[in-house]
Number of protein chains: 2
Amino acid sequence: MEPRADHSKTAYVILGMLALGRQTGYEIKSLVDISTRFFWAASYGQIYPELKRLEQAGLIRGKEDRTNGRKRRSYELTAAGRETLHDWLTSDELLVRELRHEGVLKLFFSDVLTPEEQLEQIRRIRRAHEATRQQLEEIAPGAREADEARGLRFTLLTLDWGIAYQDAIIDWCTRAERELGAAALEA
Amino acid sequence: MEPRADHSKTAYVILGMLALGRQTGYEIKSLVDISTRFFWAASYGQIYPELKRLEQAGLIRGKEDRTNGRKRRSYELTAAGRETLHDWLTSDELLVRELRHEGVLKLFFSDVLTPEEQLEQIRRIRRAHEATRQQLEEIAPGAREADEARGLRFTLLTLDWGIAYQDAIIDWCTRAERELGAAALEA
DNA sequence: TATAGCATGTAATTAGTTACATGATTAA
DNA sequence: TTAATCATGTAACTAATTACATGCTATA
């Protein structure tokens, strides 16, 4: 087996989005902004150059398009592109996972604060996740519609994952607030 | 009120670690690697230059030190540094939160897979979080000891947060696997 | 005496965001 | 006619990782 060139994650985002029926850089970015950005972001500065690279590599095929009135460059997957996507989706490589959470970082250092400030720290984390949960709920109806129209399930399942994640943190915060509050009263 | 210069998050990691009793760049990095890296990473390439900047800014004070046999540069917080840390910890600015999760990204595109491959996708996510959970459990005893020795609570609380997060994802995966498995049997 | 761990640092690279430029079309 | 949206792109910047260089000390 020859060593296949490995691609940036942005490349797979593009291949995946084309497989889900998007056609242009703009459409890909629009969908990213209401879906994968919660667990994988991508900017124009990544998407457009990557589209060119993928075309050069023969994984996607682009053509000038005027079907929507506006002129635009629409892409579709080639057989090689579909295979590359499938290989990535089913590969057993270690999954990249990174988390940056300023709230938890602050919590880590919160021993230097007063009990009231400590409580507020956790409240702020909770509120941040409640806000995200709200955002996800607002996305849900549109996602449900789009999923049904295209016969998809996994975009919605992913949204459910996101809500479950928010809920878990919210619950943890609620518990921690109660315990910390109780401890503060005793003292 | 004058507009205080705002610092990189690495700066706050350093100030916080000094407040918790670390003294050198090496010690800070060592603790980061078994604690904050799960929600906020930092490399030598960030830490050492930032230590110099912070000293220049008067937030920390460094001196040559030989107490441990080896020569090293140990730092402590100045009053200004302690205040800067406190301001950040109690500020109401929007918390930076970023998540990159390749497993969930793959899940998002999994409509193109067979039912068995879809199931495997979720299993891989679960396994990744089980492995992280395991790592956190291994860190726990040492963290408990260190916390007790120093009279700290929040480092352990943060660890508990991390475990709760892993558990929530593991539970979600278990449920999703069951539902997907059941649906596959019907078909 | 050799290996592991303590300790400090930087150069080179890669990744990623931000901001801007440009222009067309559609809907209010 | 004007604002919003569709659409493509890049230059400049900032952040971050990786890999390397260096050398000491404690321990097996």
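The values are calculated or read from the model by the stated rules, or taken from the named source; none is laboratory data. Because the structure is a prediction, the values reported are computed rather than measured. Every residue, glycine among them, receives a Cβ derived from its backbone with ideal geometry; neighbour counts consider all protein chains shown.
Quick one: would you say B:Asp92 is more than 9 Å from chain A (Cβ to nearest Cβ), within 20 Å of A:Pro115 (Cα to Cα), more than 16 Å from DNA strand D (Cβ to nearest atom) and surrounded by fewer than 17 Cβ atoms within 10 Å (Cβ to Cβ)?
no
So, A:Asp111, is that one within 24 Å of B:Ala128 (Cβ to Cβ) and away from DNA strand D (no atom under 16 Å from the Cβ) or not? If you could, list the steps in order and put the result at the bottom.
Details: within 24 Å of B:Ala128 (Cβ to Cβ): no; away from DNA strand D (no atom under 16 Å from the Cβ): yes.
No; evaluated as a whole, the condition is false for this residue.
Residues A:Leu51, A:Leu15: which one is in contact (Cβ under 8 Å) with a residue 12 or more places away in the chain, farther than 30 Å from A:Gln134 by Cβ, crowded, with 16+ Cβ neighbours inside 10 Å and within 14 Å of chain B (Cβ to nearest Cβ)?
Criteria check complete, one pass: A:Leu15.
How many residues are assigned to a loop (DSSP other than H, G, I, E, B), within 15 Å of DNA strand C (Cβ to nearest atom) and touching a residue at least 24 places away in the same chain (Cβ under 8 Å) if we restrict to region B:18-34?
3
Regarding A:Arg123, is this residue at pLDDT 95 or above, out of contact with any Lys or Arg (no Cβ under 7 Å at 6 or more places or on another chain) and surrounded by fewer than 18 Cβ atoms within 10 Å (Cβ to Cβ)?
yes
When you look at A:Thr84, is it within 16 Å of DNA strand C (Cβ to nearest atom), within 14 Å of another protein chain (Cβ to nearest Cβ) and either surrounded by 16 or more Cβ atoms within 10 Å (Cβ to Cβ) or within 11 Å of A:Ala11 (Cα to Cα) (or both), yes or no?
Details: within 16 Å of DNA strand C (Cβ to nearest atom): no; within 14 Å of another protein chain (Cβ to nearest Cβ): yes; either surrounded by 16 or more Cβ atoms within 10 Å (Cβ to Cβ) or within 11 Å of A:Ala11 (Cα to Cα) (or both): yes.
When the stated conditions are applied, A:Thr84 does not pass them.
Can you name every residue in region A:35-48 that is of a type in the set (Gly, Ala, Ser) and away from chain B (no Cβ under 14 Å)? Spell out how you get there, then give the answer.
Initial filter on region A:35-48 (of a type in the set (Gly, Ala, Ser)): A:35, A:41-43, A:45.
A:Gly45 - this is the single residue of region A:35-48 that is of a type in the set (Gly, Ala, Ser) and away from chain B (no Cβ under 14 Å).
From A:Glu117, A:Glu130, which residue is more than 9 Å from chain B (Cβ to nearest Cβ) and away from DNA strand C (no atom under 16 Å from the Cβ)? Steps first, please.
Numbers: A:Glu117 fails: more than 9 Å from chain B (Cβ to nearest Cβ).
A:Glu130 is the lone residue from the list that is more than 9 Å from chain B (Cβ to nearest Cβ) and away from DNA strand C (no atom under 16 Å from the Cβ).
For residues that are part of a loop (DSSP other than H, G, I, E, B) and among the hydroxyl-bearing types (Ser, Thr, Tyr), tally how many sit in region B:79-135. Outline the logic, then answer.
Kept after step one, since they are part of a loop (DSSP other than H, G, I, E, B), are these residues of region B:79-135: B:91-96, B:109, B:113-114.
Subset that is among the hydroxyl-bearing types (Ser, Thr, Tyr): B:91, B:114.
Summing the residues that are part of a loop (DSSP other than H, G, I, E, B) and among the hydroxyl-bearing types (Ser, Thr, Tyr) in region B:79-135 gives 2.
Just to be sure I understand the filter: pairs with C-beta atoms under 6 Å, separated by 6 or more residues or on different chains, first member in region A:166-182 and closer than 14 Å to A:Arg127 by Cα, second member among the polar types (S, T, N, Q) and surrounded by 14 or more Cβ atoms within 10 Å (Cβ to Cβ). Which pairs pass?
A:Gln166/A:Thr132
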